[in-house]
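S.K.: Have a look at this one.
The values are calculated or read from the model by the stated rules, or taken from the named source; none is laboratory data. Fair warning: this is a prediction, and the values are worked out from it, not measured in the lab. Quick reminder, even Gly has a Cβ in these numbers, built from the backbone with ideal geometry, and neighbours come from all protein chains shown. Quick note on the areas: whole protein, heavy atoms, side chains included, nothing else; ligands and nucleic acids left out. Shrake-Rupley method; radii C 1.70, N 1.55, O 1.52, S 1.80 Å.
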Amino acid sequence: MFDIHSHILFGVDDGPKTIEESISLIKKMQNEGITKILATPHFYPNYDSPGDFLARRNRSEKQLREAMAKEDG
């Protein structure tokens, strides 16, 4: 099963604030049978520049992928 609209990246928008919260959400989704997750964070142009948003999004994704790789062993 796929989740095609997820605020899974921590510290990017109104989703999880910490990497631990992101990992917990991913594990819950996996337990529900979700095998693919598409991260769809909001971009707020009144709050962020595109460059700052993309840097934060990319940093969060990289850290989350690395943490999940460790979780999966």
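S.K.: I'm trying to understand the selection: among the residues of segment 21-41, which are more than 21 Å from Arg57 (Cβ to Cβ) and open to solvent by less than 80 Å² (accessible area, probe 1.4 Å)?
M.R.: Gly33
S.K.: Determine whether segment 51-66 contains at least one residue that is closer than 24 Å to Met1 by Cα and in contact with a strand residue (DSSP E or B) (Cβ under 7 Å, 6 or more places away or on another chain).
M.R.: Scanning segment 51-66 turns up at least one residue that is closer than 24 Å to Met1 by Cα and in contact with a strand residue (DSSP E or B) (Cβ under 7 Å, 6 or more places away or on another chain).
S.K.: Next question. Would a scan of segment 49-59 turn up a residue that is on the phi > 0 side of the Ramachandran plot, out of contact with any Asp or Glu (no Cβ under 6 Å at 6 or more places or on another chain) and open to solvent by 80 Å² or more (accessible area, probe 1.4 Å)?
M.R.: No, because not a single residue in segment 49-59 is on the phi > 0 side of the Ramachandran plot, out of contact with any Asp or Glu (no Cβ under 6 Å at 6 or more places or on another chain) and open to solvent by 80 Å² or more (accessible area, probe 1.4 Å).
S.K.: In segment 1-47, what residues are assigned to a loop (DSSP other than H, G, I, E, B), more than 10 Å from the chain's Cα centre (by Cα), within 21 Å of Lys70 (Cβ to Cβ) and of a type in the set (A, V, I, L, M)?
M.R.: The answer is Ile34, and nothing else.
S.K.: While we're on this one: Using beta carbons and a limit of 8 Å, which pairs, at least six apart or on different chains, have the first residue in segment 41-52 and closer than 11 Å to Val12 by Cα and in contact (Cβ under 8 Å) with a residue 24 or more places away in the chain and the second one open to solvent by 80 Å² or more (accessible area, probe 1.4 Å) and part of a loop (DSSP other than H, G, I, E, B)?
M.R.: His42/Asp14
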